[in-house]
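So the structure is just underneath, and the comments pick up after that.
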Amino acid sequence: YEDPELIPTLFSLLHAAEFPERIIVGIVWQGVGACPVLEPQIVDELATRWIGASAPPSEKPDASSSLEQLAALGLKSSAVHRRMGNRLRVLELPTREAKGPQWARYLQELLWEPSEPWYCQMDSHMRMASGWDTACINEIEALEAEAPGKKMLTCYGSHFPVGAPHDWAQRQEW
């Protein structure tokens, strides 16, 4: 809910990823006013870090199953903003519709598309270790080799100083 660490977390996510171009982000913003990630200068900075170019204009969402599910919950699909070729998905909920972190996590899951091979859900106040994306995939693939079936990694994020820059890292390597 209106986490001031959201933007530094996004920058950390992309900065520390070995393959930031593979990252797709879904955000559920529960708060007063527009999600700060949608401010044009933030979108442009994310696009530069993400895809090395200025952000294209807002894309119109297509009629996907996730939008149908949101509509079934009484949420307007117009509240879903898509940017950078659908790499950034933001669902904005007014404060009066906020129902806490579990509800937001469920809604965030609806922003995931079934064609996307990996899904990572995290808090909006994190700093990522260098190569976190590759390390997670390698860990899941190693588990799959041991025992085929669905796998899930889980952890509680490490402490970091509030307000730490996006490139702060307690551990540089996995």
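The values are calculated or read from the model by the stated rules, or taken from the named source; none is laboratory data. Predicted model only: the values in this text are computed from it and were never measured. For neighbour counting, all protein chains shown are included, and Cβ atoms are generated from backbone atoms with ideal geometry for every residue, glycine included. Keep in mind that these areas ignore ligands, DNA and RNA; they rest on the heavy atoms of the full protein, side chains included. Shrake-Rupley method; radii C 1.70, N 1.55, O 1.52, S 1.80 Å.
Assorted remarks:
- Condition broken by residue 90, with the remaining ones in (1) without any contact (Cβ under 8 Å) to a residue 40 or more places away in the chain; (2) within 17 Å of residue 11 (Cβ to Cβ); (3) among the β-branched types (Val, Ile, Thr) satisfied: (1)
- The residues in the stretch 136-150 that are open to solvent by 70 Å² or more (accessible area, probe 1.4 Å) and either assigned to a loop (DSSP other than H, G, I, E, B) or among the aliphatic types (A, V, I, L, M) (or both) can be counted, and the count is 3.
- Selection from the stretch 114-135 of residues that are among the acidic types (Asp, Glu) and exposed (fewer than 14 other Cβ atoms within 10 Å of the Cβ): 116, 123
- Remark: pairs (first residue in the stretch 144-164, at negative phi and at pLDDT 85 or above; second residue in a helix (DSSP H, G or I) and among the charged types (D, E, K, R); Cβ separation under 7 Å; 6+ apart in sequence or on different chains) = 153/139.
- Residue 118 vs. criteria over 11 Å from residue 25 (Cα atoms) and assigned to a loop (DSSP other than H, G, I, E, B): yes
- Some residue of the stretch 29-45 being out of contact with any Pro (no Cβ under 8 Å at 6 or more places or on another chain), at pLDDT 80 or above and closer than 30 Å to residue 138 by Cβ: yes
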